[in-house]
Amino acid sequence: MVPPSLLLLVFLSASQQLCDSVSSLTRVERWVRSGLQVLHWDQLDRCRRTTSLSESECRRVAHLPLSAVAVYVSEPRGATTTDKVFAVLPESPQGGSSLPRGGFSSMLAGPSPGSAPGPSPAPAHDAVLVLDPSPGQNFGHPLVLFYVDVNVTKRRCSHLDGLYLGEECLTLALKGRCQNQLKRRQNGAERLMGNGRLAGGGTRPRGGAIGGLCEVHFPPLVVRVGDNNRTQRLRCVEHPEFSPCPQVALLSPPLVPESSCELNKNTRRCHQQPLSSHLSCRLYQTCDHALLLAGGWRQQTTFQRQADQLHSFYLMLRNNGFHRDHIKTFFAGSGQLPEDVEGVHPATEKAEIRNHVSYVCRKQHCADTLVLYLNSPTCSDGTMLLWDANLNGVADLKERYSVPELLADLAGCRASRVLLFMDQSYSGVLLKRLRGSQKHLNVVLIQSPARRTDPGWRTDGGGWTSITPSSCLLDHLGKGAGMPRLLEPWAGLLNVTLAGAPCNATPPLTEGELRREYQGCQNLPTALWHQNHRNHWRA
């Protein structure tokens, strides 16, 4: 029989844990409500500056309910210096000096109780709070990030330009070293009080928006001081009043995370065979090729819907006659996808990705239609984040794929048409570069037909997966609002099916004719191949 004293001890322990949990949620909710006020200010400033809506309409649009915001937090676990944390962004400087006890330079501007206010590498804090106003989007859109410091006086918090919440101080964090440093400055009469109102009835100045290039677009890697394992302390909070946390994809880790299977550094530690691009193109034959890329950057920012969208797009290609050997898929850090998606490689292999695209483009007659499906977290300059292979939270050259690199790989591509299906943020950066390029006349950028005015909006690609072998791309993609205007420069290239069959043929092509004459691979007449080959060498 269990002694009553032991039962009482267990009961008291469970009660204490429950009280701590409730207290913790109450504290986080207080932080979130205060931070949400800052987010409302920012949304209101955006509306005033970028739209023609009236003041009342802007206030209505800018008001986000708590249930529309996903919350990520790294809570303090103690009052000691060793329990403080650092925040690291993917855009952080490569050679930043490491701080004592395993800390990192974070390229975030936000003062701490032990530093002077102003842009500087962010020192340690007690907690980090991230508010995501667009939880339905892939990361690469504006977030609001705060540092939290406890046991701070009101006077000190005021000096740090923070929001004082009663011995707790919330400090807005922006990226440092950005072109338009818009760090918000408040005067002493604009401190946020516990009831959510401003002291003295003041309002936030109109010129103090968070936005621009200083915005934070990705949840940072939050690391405890002294943690050489770099364990992520930032967690999404499940709470009835917050937006539900996105479903994260279940990924199996690679056998050796640090290893590289890139073509220029192949070792025995590689967890799978490298991609053999030279087997993709055959003599006297032209085929439809595709490369599918979905990074995710880290497991926390890789959602199950990304894996599902990639899977659906793969099945659409197979339904349109693309041979499985000619669909190269790169996904996350381990390459794990459903079993019916064959030949999946990790998105860590940047050299393989670029070499394959370049090889297919450079080989004469290799590709008729070349499809690229891109679904990765994206920076505001269009750079895709592939995967944090070394787990340090910083995107080095091997872990990011920039717009200039993609354009270089596609320059002068000899495929009949190159279709870029962009299922990620900031595709407008690439669109602008393509429209002014004479080296990409056969490259078509295909975006979602909806909500193009929001540069950070992520498409869902739902209409793309319904493309059938007989679908005319120009008609299918033109169904969405605004699509004809954007596709106008490339209308001629899209007046075909995905496999390159002409639209509106008279009489209509049968399924057998489509499969036999256009889908998959087609044999080239020897005379045509030799003629084009001679013309290439003369040029």
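Evaluated against (1) modelled with pLDDT under 85; (2) closer than 26 Å to GLN300 by Cβ; (3) assigned to a loop (DSSP other than H, G, I, E, B), GLY140 falls short on exactly one condition, (1).
Among the listed residues ASP368, ASP388, which satisfies the condition of being over 30 Å from ALA501 (Cα atoms) and touching a Lys or Arg at 6+ places or on another chain (Cβ under 9 Å)?
One residue alone meets the criteria, ASP388.
Taking ASP368 as the residue in question, decide whether it is in contact (Cβ under 8 Å) with a residue 40 or more places away in the chain and of a type in the set (Asp, Glu).
Working: in contact (Cβ under 8 Å) with a residue 40 or more places away in the chain: yes; of a type in the set (Asp, Glu): yes.
Taking the combined requirement at face value, the residue satisfies it.
Okay, residues lined up against (1) under 27 Å from ASN138 (Cα atoms); (2) out of contact with any Phe, Trp or Tyr (no Cβ under 7 Å at 6 or more places or on another chain); (3) of a type in the set (Val, Ile, Thr):
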| residue | (1), (2), (3) |
| --- | --- |
| ASN355 | yes, yes, no |
| VAL360 | no, yes, yes |
| THR378 | yes, no, yes |
| LEU406 | yes, yes, no |
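Among the conditions (1) under 24 Å from LEU431 (Cβ atoms); (2) assigned to a strand (DSSP E or B), the only one that THR329 does not satisfy is (1). Give the stretch 55-65 a look and list any residue that's under 25 Å from the mean Cα position of the chain (by Cα) and either of a type in the set (Phe, Trp, Tyr) or surrounded by 15 or more Cβ atoms within 10 Å (Cβ to Cβ) (or both), or say none. Listed by number, the residues that qualify are ALA62, LEU64.
How about the stretch 495-513: which of its residues are within 20 Å of LEU477 (Cα to Cα) and hydrophobic (A, V, I, L, M, F, W, C)? Of everything in the stretch 495-513, those that are within 20 Å of LEU477 (Cα to Cα) and hydrophobic (A, V, I, L, M, F, W, C) turn out to be VAL496, LEU498, ALA499, ALA501, CYS503, ALA505.
With respect to LEU487, determine if the residue is at pLDDT below 75, of a type outside the set (Phe, Trp, Tyr), in a helix (DSSP H, G or I) and surrounded by 11 or more Cβ atoms within 10 Å (Cβ to Cβ).
Numbers: at pLDDT below 75: yes; of a type outside the set (Phe, Trp, Tyr): yes; in a helix (DSSP H, G or I): yes; surrounded by 11 or more Cβ atoms within 10 Å (Cβ to Cβ): yes.
So LEU487 fits the description; yes.
Residues that are in a helix (DSSP H, G or I), of a type in the set (S, T, N, Q) and out of contact with any helix residue (DSSP H, G or I) (no Cβ under 9 Å at 6 or more places or on another chain) were ranked within the stretch 34-54; the one that is farthest from ARG224 (Cα to Cα) is THR50. Mind checking which residues of the stretch 493-518 are in a loop (DSSP other than H, G, I, E, B) and either small (Gly, Ala, Ser) or not assigned by TED's automatic domain parsing to the domain that holds HIS476 (or both)? Across the stretch 493-518, the qualifying residues are ALA499, GLY500, ALA501, ALA505.
Name the residues in the stretch 55-111 that are modelled with pLDDT of 50 or more, among the small types (Gly, Ala, Ser) and out of contact with any helix residue (DSSP H, G or I) (no Cβ under 8 Å at 6 or more places or on another chain), would you? Of everything in the stretch 55-111, those that are modelled with pLDDT of 50 or more, among the small types (Gly, Ala, Ser) and out of contact with any helix residue (DSSP H, G or I) (no Cβ under 8 Å at 6 or more places or on another chain) turn out to be SER56, SER67, ALA68, ALA70, SER74, GLY78, ALA79, ALA87, SER92, GLY110.
Sort out which residues of the stretch 391-422 are within 30 Å of SER466 (Cβ to Cβ), of a type outside the set (D, E, K, R) and part of a loop (DSSP other than H, G, I, E, B), and write them in order of number.
Quick first cut of the stretch 391-422, residues within 30 Å of SER466 (Cβ to Cβ) only: 401, 403, 406-407, 409-410, 413-422.
Filter again for of a type outside the set (D, E, K, R), leaving 401, 403, 406-407, 410, 413, 415-416, 418-422.
CYS413, ALA415, SER416, listed by residue number.
If you scan the stretch 344-384, which residues turn out to be closer than 21 Å to LEU250 by Cβ and touching a helix residue (DSSP H, G or I) at 6+ places or on another chain (Cβ under 7 Å)? Correct list: HIS345, ASN375, PRO377.
Criterion applied to LEU291, LEU275, LEU251, LEU263 was being under 26 Å from the mean Cα position of the chain (by Cα), surrounded by 12 or more Cβ atoms within 10 Å (Cβ to Cβ) and either modelled with pLDDT of 80 or more or at positive phi (or both), and the one residue passing it is LEU291. Within the stretch 423-470, restricting attention to residues that are in a loop (DSSP other than H, G, I, E, B) and among the aliphatic types (A, V, I, L, M), the residue that is modelled with the lowest pLDDT is ALA450.
The values are calculated or read from the model by the stated rules, or taken from the named source; none is laboratory data. Predicted model, so just to flag it, every value in this text is computed and none were measured. All Cβ positions, glycine included, derive from the backbone under ideal geometry; neighbour counts span all protein chains shown.
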